[in-house]
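Accompanying notes for the structure given below.
Taken together, the values in this text are just the output of simple stated rules run on the coordinates, not laboratory data. Keep in mind that this is a model prediction, so the values were computed, not measured. Neighbour counts are summed over all protein chains in view; Cβ atoms, including those assigned to glycine, are modelled from backbone coordinates with ideal geometry.
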């Protein structure tokens, strides 16, 4: 785990922000912000990401999604495909910087498919 933290620290310095490992089993839904309501359709609708619970179960450790910045939404109001709207992604043991995108998470204007936009593999 120390190596994964070192990789994330190096990535955070590269991007000008810090991405910290969090050891939690559930997080607040990034898409609805924990309200359980679909932000696109108002209070009478259910959030499709968390099924109106406001929380999402995750496999620890997790880190904020690089592609959407933890918001769960990418390019306006579309659900982020990298984290599937959760706002966080799980980090595998022995994670390293992605060799395809060099940790940026992007290749051109699209997210890197090798690391799914996270900069780590």
Along each principal axis, Cα extent of segment 24-81, largest first, Å: 33, 24, 13
Reduced Cα scattering model of the chain, Debye log10 I(q)/I(0), q = 0.11, 0.13, 0.16, 0.17 Å⁻¹: -0.36, -0.50, -0.72, -0.80
Rounded to 10°, Cα long-axis angle of helix 2-15 versus longest principal axis of the chain: 80 degrees
Packing-based order for 38-44, 58-64, 106-112, using average beta carbon neighbours within 10 Å, highest first: 58-64, 106-112, 38-44
